[in-house]
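Chemist: Pasting in a structure now, in structure tokens, and then I'll have a few things to ask.
The values are calculated or read from the model by the stated rules, or taken from the named source; none is laboratory data. None of the values given here were measured: they were computed from a predicted structure. All Cβ positions, even for glycine, are placed from backbone atoms using ideal geometry, and neighbour counts span all protein chains on display. The accessibility values were calculated without ligands, DNA or RNA, using every heavy atom of the protein model including side chains. Shrake-Rupley method; radii C 1.70, N 1.55, O 1.52, S 1.80 Å.
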Amino acid sequence: MSRVPLDQILELPATDRVEIAQVIWESVFEHPEAVPLTQAQKDELERRWQAFQQNPDEGEPWDDVKRSLLSE
């Protein structure tokens with residue numbers, strides 16, 4: 001695999017940089033165990049999971065949130 005200096009990547013058009021970021025994110029997402037969480041992050045995830053368990057109908061569906069954010 002060839003390496004490209006970061007400064008050259010940052011000079012690419014935004015659409016190309018977004019595509020690169022997506023590829024990088026997907027590679028991380030495929031192996032989430034490789035990204036260690038701090039105890040504070042684990043605690044927050046547990047807090048959110050418990051809140052969801054207690055009120056699964058509370059909140060907004062992601063599609064609604066996304067649509068709202070994109071319309072701003």
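Chemist: Please go through region 51-72 and pick out each residue that is in a helix (DSSP H, G or I) and either of a type in the set (Gly, Ala, Ser) or surrounded by 10 or more Cβ atoms within 10 Å (Cβ to Cβ) (or both).
Modeler: If the condition is that a residue be in a helix (DSSP H, G or I) and either of a type in the set (Gly, Ala, Ser) or surrounded by 10 or more Cβ atoms within 10 Å (Cβ to Cβ) (or both), then 51, 52, 64, 65, 66, 67, 68, 71 are the ones that fit.
Chemist: Going through region 1-26 one residue at a time, which ones are outside any helix (DSSP H, G or I) and of a type in the set (Ser, Thr, Tyr)?
Modeler: Listed by number, the list holds a single entry, 2.
Chemist: Is it the case that some residue within region 7-16 is of a type in the set (Val, Ile, Thr) and under 15 Å from the mean Cα position of the chain (by Cα)?
Modeler: Looking through region 7-16, none of the residues is of a type in the set (Val, Ile, Thr) and under 15 Å from the mean Cα position of the chain (by Cα).
Chemist: Within region 27-45, restricting attention to residues that are outside any loop (DSSP other than H, G, I, E, B) and open to solvent by less than 90 Å² (accessible area, probe 1.4 Å), which residue is modelled with the lowest pLDDT?
Modeler: If we filter region 27-45 for residues that are outside any loop (DSSP other than H, G, I, E, B), which is where we start, we get 27-29, 32-34, 39-45.
Narrowing further to those that are open to solvent by less than 90 Å² (accessible area, probe 1.4 Å): 27-28, 32, 34, 40-41, 43-44.
Working: 27: 90, 28: 89, 32: 83, 34: 88, 40: 98, 41: 96, 43: 97, 44: 97.
Among residues in region 27-45 that are outside any loop (DSSP other than H, G, I, E, B) and open to solvent by less than 90 Å² (accessible area, probe 1.4 Å), the one modelled with the lowest pLDDT is 32.
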